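Take a look at the structure set out below.
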Amino acid sequence: MKTLTEHGLTAAALERLANAPNARTREIMTSLIRHLHGFVRETALTPAEWKTGIDFLTAVGHLTDDRRQEFVLLSDTLGVSAMVDLVRHRHLRRGTASSLLGPFYRAGAPELARGASIAGTTRGEPIKIRGRVTDGNGRAIPGAMLDVWQAAPNGKYDIQEDDPTKMNLRGRFIADADGRYEFRSVKPRSYPVPDDGPVGALLRAQGRHPYRPAHIHFIVTAEGYEPLITALYIAGDAYIESDAVFGAKPSLTVGYRRNDAGNGDPAEPPEMIESDFALAPALPMPQARSRRTTRAAPKAREAKRSRRAPHRARKAVYKD
């Protein structure tokens, strides 16, 4: 048995992945171990700090249940969810930009008729939302399904209310033969993500606010196309440039316009949003790269890659 150095430990951990039966698992774990070990070396992490991290993740797990997903919230506020989304769709062409699923999606929303309201008895400023679902060349996709949900004007989703079994501000709509969809709702408002738990404490420790700009979520699906998880963000919102979860994008920002059909018709909302969604062809699932690129790095190469990190870390830690 030989004594392991900082760099030798990383190499030894990587070598133990050699017999992993799944190539993609081996690839992911190789990168994870390299980056985690590098993080510890770069920051000169202390045992007390590492325990703080473990305690934090334990608290995140304890708070997570069927009504609250603190781990998704953590991923979102660290920008990891947004990065996964960007990487997955880096090669898409001529499709609407994607956005985050978020921690408040619920399967099983009711299927509603075209033009119906998802707001129920929720009070707020009424709006109409309509548009088309097309492919990247502007051709209609008949029968596309739009799964829609949003927070109420009080900033809460139905699952956060006193009776979380009741669905509200959710619905599914089927595009017609021309790919058109239409439904009604109330204007969304900006709101804070849940910040009374460990993720909120982490945001405060970073000097960050917990607010998301006003938005409406969509999942748009059709056979043969990549599912589109996206959202429409309201232009002019105070938090559009500093979304706490990095989800807002310029191409997904929309403004209200006057609903001309509402002239003299009290049943018509005075304002509307008009937005089309373009779906991209289905993507293949990621495959592991060749064994040559994912095998454990030789010790010499790992040591060379990591040699400078401890010096940078010591300079950062002790300069104050």
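Laboratory data are not the source of any read-out in this text; all were calculated from the coordinates shown. Keep in mind it's a predicted model, so treat the numbers as computed, not measured. For neighbour counting, all protein chains shown are included, and Cβ atoms are generated from backbone atoms with ideal geometry for every residue, glycine included.
Once label points are set 7 Å from the Cα along Cα→Cβ at both Asn137 and Arg106, what is their separation, rounded to one decimal in nm?
4.1 nm
Go ahead and run the numbers for FRET between Arg67 and Ala116, Cβ-Cβ distance against an R0 of 25 Å, rounding to 0.05.
The pair Arg67/Ala116 has a calculated efficiency of 0.40.
In a GNM of the chain with a 10 Å cut-off on Cα contacts, which of Gln69, Gln160, Gln206 has the highest mean-square fluctuation?
Gln206
Where does helix 309-318 land angle-wise versus the long Cα axis of the chain, in degrees 0 to 90, nearest 10?
80 degrees
Bin all alpha-carbon pair distances of the range 106-218 at 10 Å intervals from 0 and give each bin's fraction as a whole percent.
Going out from 0 Å in 10 Å bins, the range 106-218 shows 14, 37, 29, 16, 5, 0 percent.
Roughly what % antiparallel, to the nearest 5, for the DSSP beta bridges in the chain?
70 percent
Looking at the calculated P(r) for the range 183-238, what percent of the C-alpha pair distances fall above 12 Å?
Pairs farther apart than 12 Å: 74 percent.
Over the residues of the chain, compute the C-alpha Rg and express it relative to 2.2 N^0.38 Å.
1.21
Given R₀ = 56 Å, FRET efficiency for Glu15-Asp178 by Cβ-Cβ distance, to 0.05?
0.40
How many nm is it between the label spots at Gln206 and Ile54, if each spot is 7 Å from the Cα in line with the beta carbon?
Label at Gln206, label at Ile54, 2.4 nm between them.
How much net charge surrounds Gly79 when only the other residues with a Cβ under 14 Å from the Cβ of Gly79 are counted, with Lys and Arg +1 and Asp and Glu -1?
Here the charged neighbours net out to 0.
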